[in-house]
Structure formats: C-alpha cells, structure tokens
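Step one of this worksheet: look at the structure below.
Laboratory data are not the source of any read-out in this text; all were calculated from the coordinates shown. Bear in mind that the values here come from a model prediction, so they are computed numbers and not experimental data. Here the Cβ positions follow ideal geometry from the backbone for every residue, glycine too, while neighbour counts run over all protein chains shown.
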Amino acid sequence: TIWRHFRSKESCAEPIVTQGVEWEMSMLRSWPENLSLEEHIAAETTRYGREADEVNRADDMLAMKMILLADREPAIRTAWLMACDQVEREMAEIIAVRLKLPADDLQVRLHAAAASAALRVINEEIGAALLGGTDPREFADAPERVAHAVRNATGGAVGDPVTE
C-alpha cells in the first residue's frame, strides 16, 4: 500500500485532506462584502468548474476518499480534524472582518466553530454521496446548502452581504 512510503498514515493523508480544504478557504477569504455566501460560492464553484484540470479533479476525488476513509482510520481522522481546526481558525479571521469585530472576540470564535463544523458535516455528506455514486447534479444546489448550514449554525450572523 501507499502508506509504507510514509512515516505514518497521518503523514500521507495530511497533505491530501489539507489540499482538499485549501480551495474552500481561499474561496472564503475572497468573499466580497457585497455578496451573500450563496452568490459567492456559486460564482467560485462555477469558475473552479471551468478552470480545474484533470489533476485538480483527481486530487478532489482523492481528498473525498481520504475524508470518507477517516471514519474508519483514526490516523486519517486525525489529519482531517487537524485540517478542520485550521479551517476554524481561518473562519474566525473571515467572520471577524465581516462582523467588524476582533478575531479573538468570543462571539466570533463561537460563530467560527459553528460555521466550520457545518462546513465539515456538509463536506462529509456530499463527499460520501458522490463517492457512493450519487449523480453530481443532485448537488447543483450545494452553494445554497452550504450557506444555509452556515447561516443556521451562526444564528443568521454569517451569510448575508455586509451592509453599513
């Protein structure tokens, strides 16, 4: 197996699952104040769909497989949860900017924890369904699903355009 080429399963899985969340974090960092989360995710997903090459798509599938495997492999689960922890930290920065509060504000941190957990669950559910053979068109509404989950998790504090 591929594991034997690494010091541990975790060290093999970490770059794969991290790469899997890098695009998502980059997309969220570029979220313009004048757009809702749905609008921004839809635009970025469409752009990625146009620009991603075969290697990107293969990497995405591999990341989904690793995340699904994390349910049964504790070492891979550790790598996935470490990536999720990084997402939570970055979400605090993103949410702080949108709410015009410090990133270490308790409410910002609570929203970041809730939003990142919502993203994790949605990613796991969609990934498992796609790997299970669900037609990708079933997830045409993924931007709305993600935004709805984040909005619900944050009590409506995150997801809408920022207004002055």
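Odds and ends about this structure:
- Here the residues Trp31, Trp80, ranked from fewest to most Cβ neighbours within 10 Å of their Cβ, fall in the order Trp31, Trp80.
- Angle between the chain longest axis and helix 54-69 axis [Cα atoms, degrees, rounded to 10]: 90
- Relative contact order, whole percent, for region 8-153 stands at 28, derived from Cα pairs under 8 Å and 6 or more residues apart.
- Relative to the longest principal axis of the Cα atoms of the chain, the long axis of helix 142-153 makes an angle of roughly 60 degrees.
- Axis angle, to the nearest 10 degrees, between helix 106-131 and the longest C-alpha principal axis of the chain: 40 degrees.
- Charged neighbours of Ala149, selected by a Cβ distance under 14 Å, balance to -3 (K, R count +1; D, E count -1).
- Most mobile listed residue (Thr46, Thr78, Thr18) in the chain, GNM with C-alpha springs under 10 Å: Thr46
- Peptides 61-71, 109-119 ordered by average Cβ neighbours within 10 Å, highest first: 109-119, 61-71
- Local charge for Ser116 was computed over the other residues whose Cβ lies under 11 Å away, with Lys and Arg +1 and Asp and Glu -1, and equals -1.
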